[in-house]
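**Q** Just dropping this structure here.
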């Protein structure tokens with residue numbers, strides 16, 4: 001915790017959170033507007049079929065139904081994140097069980113469900129494809145025959161064909177030469193399943209049209225401006241006629257980057273007069289129709305010298321994407337560049353491929369593909385250490401990156417505390433295991449309970465995407481920040497207010513900041529995603545406040561007269577004073593009032609952040625999404641587990657997590673992110689997945705069935721903050737939201753291997769998998 | 001066919017017109033506008049719908065409103081006056097135990113029930129007491145710390 005600053009670096013409770021503690025805060029799912037209608041969606045029961053006809057007429061006639069609509073009632077437009085292949089209501093064919101065909105708005109839930117049952121859809125079933133390898137076969141059914149005609153938001157050498165909407169290739173050096181130089185080569189394949197974000201508040205939007213045809217949306221989402229654009233893109237309503245407000249989401253974790261409610265609530269509101277319509281996904285709809293973490297199959301070939309120097313790594317990531325692009329064309333390129341891991345490989349080649357199948361499609365989920373990449377990459381590093389006899393900490397300290405080294409894309413790494421995160425979790429030790437431990441650990445006889453320790457590490461990005469914010473000196477001398485940082489639980493607006501207070505020179509309580517992202521009155525921000533808000537929006541806020549401070553001092557100098565110019569002045573609490581002389585001062589409130597005459601109005605300024613990154617050369621990187629990032633973040637997780645060799649259950653006894661965050665603006669919130677992320681990492685490692693039955697139908701319908709960890713599944717997490725600074729971050733801050741969970745699963749695998757000498761290549765590491773592996777190893 | 005029943009909610013007698021199959025959760029949220037209780041999983045797994053019935057935490061999504069007759073129901077709104085929060089509410093706030101806030105009302109009520117029956121719980125006992133509550137944001141760390149802090153301050 002820093003003492004050189006007045007406001008930042010201190011543990012501050014998130015402003016306003018008492019309203020959650022006393023139940024007064026209204027989430028979107030708590031909202032009740034007069035005349036509000038219930039919106040429900042009709043979803044395809046078939047995985048792949050041509051739509052011959054959709055008849056909503058009987059539903060329309062049911063008393064209590066305001067409207068029943070399908071593709072004929074909205075414009076026919078494909079949209080999507082990187083590949084524009086989705087539609088509000090399917091019109092040509094349905095491509096997965098859960099694809100939305102129609103919607104109704106009715107006076108209550110019961111009537112809405114009855115109306116759905118009255119909608120008649122004629123399908124002509126097509127052969128479905130559920131297996132990604134089948135989807136790659138030349139005679140496989142093509143899920144998107146018009147793929148080549150679809151728009152693409154980014155095109156950096158985009159490659160697409162058949163059932164493959166995009167591929168990514170990243171080349172560093174020459175891996176074949178690297179393998180020739182290597183003494184040992186390891187080849188392994190790792191897999192991960194579909195995993196849901198399991199936020200407690202579902203996708204939900206209340207939309208209402210007024211008499212001028214303007215729509216107001218209250219949404220549980222991650223980006224107000226992003227949703228505004230999406231709704232405009234889907235339905236063709238002018239942006240000026242769409243206002244999005246996000247009061248605060250009940251969790252997001254990336255799953256609400258895209259919206260599965262706003263376009264539907266708005267479409268239904270279009271046909272409901274001026275009555276508000278609420279669309280909120282039911283729990284089973286979330287699992288089949290939300291946007292979970294993509295499943296993955298990562299094959300790694302790694303070459304290493306006998307002295308433990310890593311030389312070359314080749315990776316192929318295949319992602320069974322599901323029926324539509326979703327966030328896949330972003331997730332796969334992102335993941336691809338992180339399969340190399342935080343190591344100084346001389347050569348690397350990373351390829352990623354998205355494959356369409358007739359199943360639920362994936363979205364953004366904390367870690368954005370890097371969780372899958374790290375599960376593979378770190379797991380294999382642990383295997384290399386195990387087989388070749390290298391201590392996993394020593395090995396990483398030898399091969400790990402530092403500031404100035406290059407990413408696999410050729411981008412230089414700015415601030416980098418990778419090795420410091422390792423030595424921090426190790427409390428200074430440079431070896432994980434005592435001398436001789438690795439030689440004897442796999443010779444121990446099998447006991448009922450066996451313990452082990454392991455480590456996992458990771459690299460991730462921070463601070464992408466430019467943004468802006470406005471700062472204003474209000475008439476009462478307090479500082480107002482007008483920005484569209486969206487609160488999904490991470491309390492970003494308190495961190496931004498702290499940055500503002502520090503930059504201005506006032507107390508935190510003198511800063512007010514917009515917290516609902518109202519698109520009518522805030523400048524555009526991309527979204528609360530990608531661990532970017534503190535870094536990117538923080539920089540913009542800091543810049544805006546810097547300008548407001550300078551203007552304030554200038555005006556104060558005019559008011560005070562003989563002070564020798566604004567350089568002689570400073571802001572202390574609610575006053576501008578001569579530096580070190582509180583007897584010569586003027587209240588900020590006075591400055592604010594007088595500025596009306598002196599400069600024609602409020603002192604205000606627009607702050608901007610533009611990441612300083614150069615586009616990557618296409619010979620080196622072919623991708624469906626930009627992959628230039630201004631900075632990287634690192635972490636190490638050290639875990640102790642106990643394996644019950646009779647039940648196969650794993651208890652996480654302790655977990656230390658050290659995170660390079662550049663600088664912690666609000667350590668309380670940074671710790672909360674690390675701790676929450678680690679719990680998700682434990683779930684990802686041991687218990688979580690969306691399950692299918694033998695007909696490829698999703699059978700998971702609740703968070704409990706999904707395997708979400710509870711308080712007794714998680715130890716007290718020891719979160720450590722490492723602060724190397726960062727030239728591109730506000731006061732040196734970088735992001736932490738996503739990195740929080742990436743290193744956990746491989747660390748747990750490393751500890752399980754230490755305990756019982758087995759290696760699992762697939763998550764979740766269930767008791768069944770452990771027992772099978774133990775039986776194979778110990779012959780019992 | 002709708003029926004009028006009387007329920008005691010947060011110390012007050014409330015007359016509500018309900019369907020006999022309505023859950024207590026539905027009556028509290030829809031009939032009485034007490035939206036501090038949340039509806040999430042709807043099947044008694046996540047704990048977001050928790051209320052106190054005669055001082056014990058209960059999943060209101062699994063309880064018929066009819067079965068709440070003659071009992072004392074306390075929701076998060078009734079835990080303490082707005083201007084004089086319960087020490088648990090203050091501790092949750094100060095310790096950073098509230099991120100998105102969806103699990104918070106239920107957690108706090110279960111924590112209150114725990115401290116009422118066991119004023120000096122161990123960490124294990126705290127974790128077991130909140131095991132019926134899913135939190136996706138916090139990893140439970142600061143929730144446990146907030147409850148421990150409250151236990152210490154109440155024992156003074």
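The values are calculated or read from the model by the stated rules, or taken from the named source; none is laboratory data. It should be emphasised that the depicted structure is a prediction, and the values quoted were computed from it without experimental measurement. Positions of Cβ are generated from backbone atoms using ideal geometry, with glycine treated the same way; all protein chains shown enter the neighbour counts.
**Q** Is one or more of the residues making up region A:275-286 assigned to a loop (DSSP other than H, G, I, E, B), more than 14 Å from chain B (Cβ to nearest Cβ) and at pLDDT 95 or above?
**A** yes
**Q** Do the conditions hold for residue A:231, that is, is it touching a residue at least 40 places away in the same chain (Cβ under 8 Å), away from every other protein chain (no Cβ under 14 Å) and either farther than 30 Å from residue B:37 by Cβ or part of a helix (DSSP H, G or I) (or both)?
**A** No.
**Q** Take the residues of region A:2-52 that are more than 9 Å from chain B (Cβ to nearest Cβ) and on the phi > 0 side of the Ramachandran plot: which is surrounded by the fewest Cβ atoms within 10 Å (Cβ to Cβ)?
**A** Per the criteria, the residue is A:35.
**Q** Right, another one. Please determine whether any residue of region A:233-246 is touching a helix residue (DSSP H, G or I) at 6+ places or on another chain (Cβ under 9 Å) and within 24 Å of residue A:740 (Cβ to Cβ).
**A** Scanning region A:233-246, I find at least one residue that is touching a helix residue (DSSP H, G or I) at 6+ places or on another chain (Cβ under 9 Å) and within 24 Å of residue A:740 (Cβ to Cβ), so the answer is yes.
**Q** Looking at region A:170-188, which of its residues are touching a helix residue (DSSP H, G or I) at 6+ places or on another chain (Cβ under 8 Å) and surrounded by fewer than 20 Cβ atoms within 10 Å (Cβ to Cβ)?
**A** A:184, A:185, A:186, A:188
**Q** Taking residue A:348, is it more than 21 Å from residue A:726 (Cα to Cα), at pLDDT below 95 and in contact with a strand residue (DSSP E or B) (Cβ under 7 Å, 6 or more places away or on another chain)?
**A** Against the criterion (more than 21 Å from residue A:726 (Cα to Cα), at pLDDT below 95 and in contact with a strand residue (DSSP E or B) (Cβ under 7 Å, 6 or more places away or on another chain)), residue A:348 does not qualify.
**Q** If we keep just the residues of region A:640-662 that are crowded, with 24+ Cβ neighbours inside 10 Å and more than 14 Å from chain B (Cβ to nearest Cβ), which is farthest from residue B:97 (Cα to Cα)?
**A** Applying the filter and picking the extreme gives A:643.
**Q** What number of residues within region B:25-63 satisfy the criterion of being surrounded by 23 or more Cβ atoms within 10 Å (Cβ to Cβ), away from chain A (no Cβ under 12 Å) and out of contact with any strand residue (DSSP E or B) (no Cβ under 7 Å at 6 or more places or on another chain)?
**A** Total satisfying the criteria: 1.
**Q** What are the residues in region A:567-581 that are free of Cβ contacts under 8 Å to residues at least 40 places away in the same chain, in contact with a strand residue (DSSP E or B) (Cβ under 7 Å, 6 or more places away or on another chain) and not in a loop (DSSP other than H, G, I, E, B), if any?
**A** A:568, A:569, A:575, A:576, A:577, A:578
**Q** Out of region A:479-525, which residues are closer than 18 Å to residue A:736 by Cβ and assigned to a loop (DSSP other than H, G, I, E, B)?
**A** A:485, A:486, A:487, A:488, A:489, A:490, A:491
**Q** If you don't mind, there's one more thing I want to ask. If a residue must be outside any helix (DSSP H, G or I) and closer than 21 Å to residue A:500 by Cβ, how many such residues does region A:587-601 contain?
**A** 2
**Q** Of these, A:694, A:769, which one is without any contact (Cβ under 8 Å) to a residue 24 or more places away in the chain and surrounded by fewer than 22 Cβ atoms within 10 Å (Cβ to Cβ)?
**A** A:694
**Q** Oh, and also: Within the set of pairs 6+ apart or on separate chains, which have a first residue in region A:111-139 that is within 25 Å of residue A:163 (Cα to Cα), a second that is at pLDDT 95 or above and part of a helix (DSSP H, G or I), and C-beta atoms under 6 Å apart?
**A** A:129/A:135
**Q** I need the full set of residues from region A:703-720 which are touching a residue at least 12 places away in the same chain (Cβ under 8 Å) and surrounded by 20 or more Cβ atoms within 10 Å (Cβ to Cβ), in order please.
**A** A:703, A:706, A:707, A:708, A:709, A:714, A:715, A:717, A:719
**Q** Does residue A:72 fit the bill of being touching a strand residue (DSSP E or B) at 6+ places or on another chain (Cβ under 9 Å) and modelled with pLDDT of 95 or more?
**A** Against the criterion (touching a strand residue (DSSP E or B) at 6+ places or on another chain (Cβ under 9 Å) and modelled with pLDDT of 95 or more), residue A:72 qualifies.
**Q** Every residue in region B:75-124 that is in contact with a helix residue (DSSP H, G or I) (Cβ under 7 Å, 6 or more places away or on another chain), free of Cβ contacts under 8 Å to residues at least 40 places away in the same chain, at the interface with chain A (Cβ under 9 Å from one of its Cβ atoms) and part of a helix (DSSP H, G or I), please.
**A** The answer is B:89, B:93, B:104, B:108, B:123.
**Q** Taking residue A:456 and the conditions (1) closer than 30 Å to residue A:368 by Cβ; (2) surrounded by fewer than 24 Cβ atoms within 10 Å (Cβ to Cβ); (3) modelled with pLDDT of 95 or more, which numbered condition does it fall short on, given that it satisfies the others?
**A** (2)
**Q** Which one is nearest to residue B:92 (Cα to Cα) among residues in region B:125-145 that are more than 7 Å from every other protein chain (Cβ to nearest Cβ) and either touching a residue at least 40 places away in the same chain (Cβ under 8 Å) or part of a loop (DSSP other than H, G, I, E, B) (or both)?
**A** Going through the qualifying residues, I end up with B:143.
**Q** Follow-up. Looking only at region A:414-443, which residues are farther than 30 Å from residue A:630 by Cβ and in contact (Cβ under 8 Å) with a residue 40 or more places away in the chain?
**A** Within region A:414-443, A:431, A:432, A:433, A:438, A:439, A:441, A:442 meet the criteria.
**Q** Scan A:687, A:728, A:700 and give me the residue that is surrounded by 21 or more Cβ atoms within 10 Å (Cβ to Cβ), within 14 Å of chain B (Cβ to nearest Cβ) and under 23 Å from the mean Cα position of the chain (by Cα).
**A** A:700
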